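The values are calculated or read from the model by the stated rules, or taken from the named source; none is laboratory data. Not measured: the values here are computed from a predicted model. Reconstructed Cβ throughout: ideal geometry from the backbone, glycine too, with neighbour counts over all protein chains shown. Note: accessible area is taken over every heavy atom of the protein model, side chains too, but ligands, DNA and RNA are not part of it. Shrake-Rupley method; radii C 1.70, N 1.55, O 1.52, S 1.80 Å.
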Amino acid sequence: MKHLLAITSLCLCLACACSMPEIKGTAIVLGVSLYNITGVTNLTYCDDDARDIAKLFADQGYRVYSYTDSDATRANLEHALELADKTRPVVVYYSGHGLKLYSSTDGVAPGFYMLPYGFAENPGTSLVLHRENMLAIKDIEIKARELSIKHCIVIADCCYSGGFVDNMQGVSAIPGDYDPVLGKDLITYAELMGTAPGRFFTYSGNSLLIVLAASGSEEMSFESGAYENGVFTEYFLSGASTNADSDRDGYITTSEIYLYVAQCMNKYWNSTTQSQSNTEQIYLPHISDNAREYILFEANP
Amino acid sequence: MICVPVSVSSQEFLYEPGIVSLSIAGSALPLVSFETEYALLSQFMVEGELGIHIGNNVGGSIAAHAGLALPSLPARELYRYKGFEYYGAGIGVFLRQYPLSAWYFEYSLQAFADFSWQPETLMMYFFISLVPEIICTPKMLNWETLSFQGALRFPIHFHENFYSFGIGFTVRLLITPFAKVKLL
């Protein structure tokens, strides 16, 4: 009888182990709507973005660390990176304010930054930036290398996020300030061919991160009351269903979902804003130029 | 001038291919690709090529090709190398050898400057490829101004941070408009 019980227990354990879905990787999700800083406009749907994205990745079998508002800090992101499975893909998603700094301010170098909670304080009359709480794309890359993370995908739904996409190998057909109304349309093949060889002969280095950015380096990113999400995030969520699986192989890669989001933003958001003469709200997403692409989702999990 | 004996109806002929020849080729290319610090993964390409070859037993070539690279097989860590279309032009050298056997051989080396276009990321890249090739013509498929050839090619693609190499299987139609056949 004891043997029978032991064998039954073993079979049950094996059955449980077999039916457990494989953890595909780690998703670290940050969304900041409420900054609680005088002089900084709060956002409306970034926390909703974070919750929806966290649910999406959890449903797809990722281990998720999700932080909203006052928990969405750089320290929490770095702590979650330390906890991530280093052998599997690590996805970092951020929704909140983005900053393009033109000149050195409060000791912060010019460049592009994500602004997690606590990025600044307002002791009286003006903002004081805290660089240690701000997040440049290089900060994530340095931390990832330090932790020996080789597979890291950064998704940023914030203003000027195209600045995080440092395309040094290839040339994107989408300009950093896309606006067809003002003649800043997609770059032609001939222009791309004129630029691409120069990149080949001057490039050196290796890009660890794959970056999907909601907007160009000169563009703002927008939320929509109709979607109750950021526009980019809305189409990202919708593409994670079967919609973005363009080659119908059952998997959605970073490239496929990027193209899907770009097409949707142009077809629905940009055409509407253009018809309403809000040309400053026309924008397109950007992606980094790695040779690799990652399988993010199963089309029918 | 090259003089190649051609067997037709048990008689011996001299085959002179002429100084200019044109080729149309199609290739299937199983390759392995890798990015620095990442895994070696297999990838498949198909390619079409047009060439003009000047010279008899030694000469030079000018060629244009276009191809399609499918995405690689995925790695265990859920990544793969992207697929792309590519277009390029190149130059090369060749050496033709006509042994007195049932097969003629040609050896060539071409270097191409290529542009690859990734339709899913709307991005263009430049890369360089080297293509050593061994071309074989069975006598039975060699007519006066036309011959069908088979080839093995060993392409090496140098992207900025990404490399591919492998073996290609090529079928080639060689047109030799100035060829002559003389009865021995």
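A few notes on this one:
- At least 20 Å² accessible surface lost relative to isolated chain, residues of the stretch B:112-133 (1.4 Å probe): B:Phe115, B:Trp117, B:Glu120, B:Thr121, B:Leu122, B:Met123, B:Met124, B:Tyr125, B:Phe126, B:Ile128
- Considering only B:Pro132, B:Pro71, B:Pro119, the mean-square fluctuation computed in a Gaussian network model of chain B, springs between alpha carbons under 10 angstrom, is largest for B:Pro119.
- Surface share of carbon and sulfur [accessible, 1.4 angstrom probe, percent] for chain B: 74
- Mean ellipticity per residue at 222 nm, deg cm²/dmol - from DSSP H runs of n ≥ 4 across chain A, formula -39500 (n - 2.57): -9000 deg cm²/dmol
- Gyration tensor analysis over the Cα atoms of chain B returns equivalent ellipsoid semi-axes of 37, 15, 12 Å (largest first, whole Å).
- Per residue solvent-accessible surface (Å²) - the stretch B:11-86, probe of 1.4 Å: 40
- Per the accessible-area calculation with a 1.4 Å probe, the total area buried between chain A and chain B rounds to 3400 Å².
- Inter-part distance where the stretch A:32-111 and the stretch A:235-301 are each reduced to a Cα centre, Å: 20
- Nearby aspartates and glutamates by direct alpha-carbon distance to B:Lys82 (threshold 12 angstrom, same-chain neighbours under 8 apart not counted): A:Glu256, A:Asp289, A:Glu293, B:Glu35, B:Glu120
- At least 50 Å² of accessible area lost relative to the chain alone, listed for the stretch A:260-301 with a 1.4 Å probe: A:Ala291, A:Arg292, A:Glu293, A:Ile295
- Local electrostatic count, B:Leu29, Cβ distance below 10 Å [Lys/Arg +1, Asp/Glu -1]: 0
- Of A:Lys24/A:Lys86; A:Lys55/A:Lys100; A:Lys100/A:Lys138; A:Lys24/A:Lys143; A:Lys55/A:Lys150, pairs whose Cα-Cα distance is over 19 Å: A:Lys55/A:Lys100; A:Lys24/A:Lys143; A:Lys55/A:Lys150
- Interchain or long-range residues, amide H under 5 Å from B:Lys180's placed H: B:Glu16, B:Gly18
- Taking a Cβ cut-off of under 12 Å around A:Cys158, the surrounding Lys, Arg, Asp and Glu residues balance to a net charge of -3, with basic ones at +1 and acidic ones at -1.
- Solvent exposure of chain A as accessible area per residue, Å², 1.4 Å probe: 44
- Accessible-area composition of the stretch A:16-141, carbon plus sulfur, in percent [1.4 Å probe]: 53
- Electrostatic tally near A:Asn36: other residues with Cβ closer than 14 Å to its Cβ, Lys and Arg +1, Asp and Glu -1, net -4.
- For A:Asp245, distant residues with modelled amide H under 5 Å away: none
- Kirkwood Rh (inverse of mean 1/r, distinct Cα pairs), chain A, angstrom: 20.5
- For the stretch B:60-88, residues shielded by at least 50 square angstrom of accessible area compared with the chain on its own, probe 1.4 Å: B:Glu77, B:Leu78, B:Tyr79, B:Arg80, B:Lys82
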